[in-house]
Amino acid sequence: MAEGGGVHLAGAFAPAELTVECDRDRIIQVLSNLLSNAIYASPRGGTVTVSVAESEGQAVFSVVDAGPGIPPDELPNIFDRYRRGRSALYKGAGLGLAIAKKLVELHGGRIWAESTLGRGSAFRFRLPAVRQEASSDVLVVDDDADIRYALKTVLELEGYHVALAANGREAWEWLQSAPLPALILLDLMMPVMNGTEFLGLVRTDARLRSVPVVLVTAFGSLAQSVAAKSQGLLGKPFEVEQVLGLASRYCSPRPPSTPKPN
């Protein structure tokens, strides 16, 4: 749409650590509506800027156009249902902004418009931001509780953050809402969802496919069929030095944890 109308798009985005809990499809619907309006309102050669910034613990989304602006007397009612001002440059039922307002408010946010005649308009909305816990450096996926907690202990003593999952499905569900780990240590023989199935999902997911995965198994022959999808093999039983070597290769250095006094 933007290219066909000769409108340039620009973006300015907050750090990846800024996150919100939301219905992704509905918020994309809001942004799509604001963006399409901005493109229609902007002249050929104009620029529409989409940005996300943090302000007072909230994520602020903005869509700024280069259009003619909105008359001051129309601005207070711009989000009313079926409202289409005299300055509207495009066809429509007048529902888009009303729906956008409702969706933002259902998320606990607020939406508003700013405009100056002859200088364009800015539509902005706020959503509560979520304070992220420290991201995990290593995700350990193994149905053997002894191995899970042995790896967790070894890595945490060296200052790494560790997340645990008992099978592929548990790991997959955890990854849907957690920050990406720097490394996944993956057992192959597990119930519910085995390591081969889990690795197949990871490698076909656009967000996860680049995460390094090292296979942890006592049966090296089982790893041959999926070896090309992994970054290596850690045989069971393993040495502590092998585990720490993998962590230092793929994770950012961290200060070792100080043992608590007895």
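The values are calculated or read from the model by the stated rules, or taken from the named source; none is laboratory data. Note that the structure is predicted; figures quoted are calculated from it, not measured. Glycine also receives a Cβ, built like all others from the backbone with ideal geometry; neighbour counts cover every protein chain displayed. Side chains included, ligands, DNA and RNA excluded: accessible areas come from the protein's heavy atoms. Shrake-Rupley method; radii C 1.70, N 1.55, O 1.52, S 1.80 Å.
Six or more apart or on different chains, Cβ under 9 Å: which pairs go from a residue in the range 178-190 that's touching a residue at least 24 places away in the same chain (Cβ under 8 Å) to one that's assigned to a strand (DSSP E or B) and hydroxyl-bearing (S, T, Y)? Could you list them?
Between residues of the range 178-190 that are touching a residue at least 24 places away in the same chain (Cβ under 8 Å) and residues that are assigned to a strand (DSSP E or B) and hydroxyl-bearing (S, T, Y), the close pairs are P179/T19; L186/T217; D187/T217; L188/T217; M189/T217.
Yes or no, residue by residue, for (1) of a type in the set (D, E, K, R); (2) in contact with a Cys (Cβ under 8 Å, 6 or more places away or on another chain); (3) surrounded by fewer than 20 Cβ atoms within 10 Å (Cβ to Cβ):
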site: R126; (1), (2), (3): yes, no, no
site: T153; (1), (2), (3): no, no, yes
site: L164; (1), (2), (3): no, no, yes
site: L180; (1), (2), (3): no, no, yes
site: V192; (1), (2), (3): no, no, yes
site: E197; (1), (2), (3): yes, no, yes
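Among all residue pairs at least 6 apart or on different chains, which show Cβ distances below 6 Å where the first residue, located in the range 136-148, is more than 23 Å from G159 (Cβ to Cβ) and the second is assigned to a loop (DSSP other than H, G, I, E, B)?
What qualifies is D143/A166; D143/N167; D143/M190.
If a residue counts only when it is at pLDDT 85 or above, which helices (runs of 4 or more DSSP H) contained entirely in the range 188-260 have at least 3 such residues?
195-203, 240-250
Can you name every residue in the range 48-66 that is open to solvent by 30 Å² or more (accessible area, probe 1.4 Å) and either farther than 12 Å from A12 by Cβ or in contact (Cβ under 8 Å) with a residue 60 or more places away in the chain (or both)?
Once the filter is applied, which keeps residues that are open to solvent by 30 Å² or more (accessible area, probe 1.4 Å) and either farther than 12 Å from A12 by Cβ or in contact (Cβ under 8 Å) with a residue 60 or more places away in the chain (or both), the range 48-66 yields E54, S55, E56, G57, Q58, A66.
So how many residues does the range 156-183 have that are of a type in the set (A, V, I, L, M, F, W, C), in a loop (DSSP other than H, G, I, E, B) and closer than 25 Å to R24 by Cα?
3
State yes or no: is A145 among the small types (G, A, S) and surrounded by 18 or more Cβ atoms within 10 Å (Cβ to Cβ)?
The answer is no for A145.
Can you find a residue that is aromatic (F, W, Y), closer than 22 Å to T19 by Cβ and open to solvent by 50 Å² or more (accessible area, probe 1.4 Å) anywhere in the range 201-221?
Checked against the condition, which is being aromatic (F, W, Y), closer than 22 Å to T19 by Cβ and open to solvent by 50 Å² or more (accessible area, probe 1.4 Å), the range 201-221 yields no hits at all.
Filter the range 50-64 down to the residues that are of a type outside the set (V, I, T) and part of a strand (DSSP E or B) and list them by number.
S51, A53, E54, S55, Q58, A59, F61, S62
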